[in-house]
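The values are calculated or read from the model by the stated rules, or taken from the named source; none is laboratory data. Keep in mind the model is a prediction, meaning the values are calculated, not measured. Note that we place each Cβ from the backbone using ideal geometry, even for glycine, and neighbour counts take in every protein chain shown. Note: areas computed on protein heavy atoms with side chains; ligands, DNA, RNA excluded. Shrake-Rupley method; radii C 1.70, N 1.55, O 1.52, S 1.80 Å.
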Amino acid sequence: MKIIKQTILFNASASDLYEYLVNPRKFSKITGAKASNTGKVGGKFTAWDDYISGTNLELSPGKKIRQKWTCADYPEGTFSEVTFELKKKTDKQTELVFTHEDVPDDLYEDLSEGWNQFYWEPIKDHIEDLMWK
């Protein structure tokens, strides 16, 4: 098992970034894929048309999200843990420190690239689109 650790700077407030990650309507608008989230600790979530699913372990608005996480490529019953730590840099800039623990070795490269391709890039594109409106 491996750990993915990524640090990304977003031109958005910590509260907006938190909403993009937790609010299923906002996440679906950004990605174009179906998502669900109860928004409650112990509640379930899904993303990317049910490719990803899991349970919210910790939700601290504008600060931290921790989730028990699995995806369709994982062996049955295998889970990992993802943590999104949001660090306010300015009113309109947030550093995201992302950690994905217990990643199966054979999925490490695909998941590392996937976080960039399917999460960080679409969110950055969305933020940029908002800036031009």
Does Leu59 count as under 14 Å from Phe118 (Cβ atoms) and modelled with pLDDT of 95 or more? no
Yes or no: the stretch 13-29 includes at least one residue that is in a strand (DSSP E or B) and in contact (Cβ under 8 Å) with a residue 12 or more places away in the chain. no
State which residue is nearest to the chain's Cα centre (by Cα) when the search covers only the stretch 1-19 and only residues that are over 19 Å from Glu113 (Cα atoms) and open to solvent by 20 Å² or more (accessible area, probe 1.4 Å). Glu19
If a residue counts only when it is touching a residue at least 24 places away in the same chain (Cβ under 8 Å), over 20 Å from Ala12 (Cα atoms) and open to solvent by 80 Å² or more (accessible area, probe 1.4 Å), which strands (runs of 3 or more DSSP E) contained entirely in the stretch 32-133 have at least 2 such residues? none
Check off (1) touching a residue at least 60 places away in the same chain (Cβ under 8 Å); (2) touching a strand residue (DSSP E or B) at 6+ places or on another chain (Cβ under 6 Å); (3) outside any strand (DSSP E or B) for Ile8 and give me the number that stays unchecked. (3)
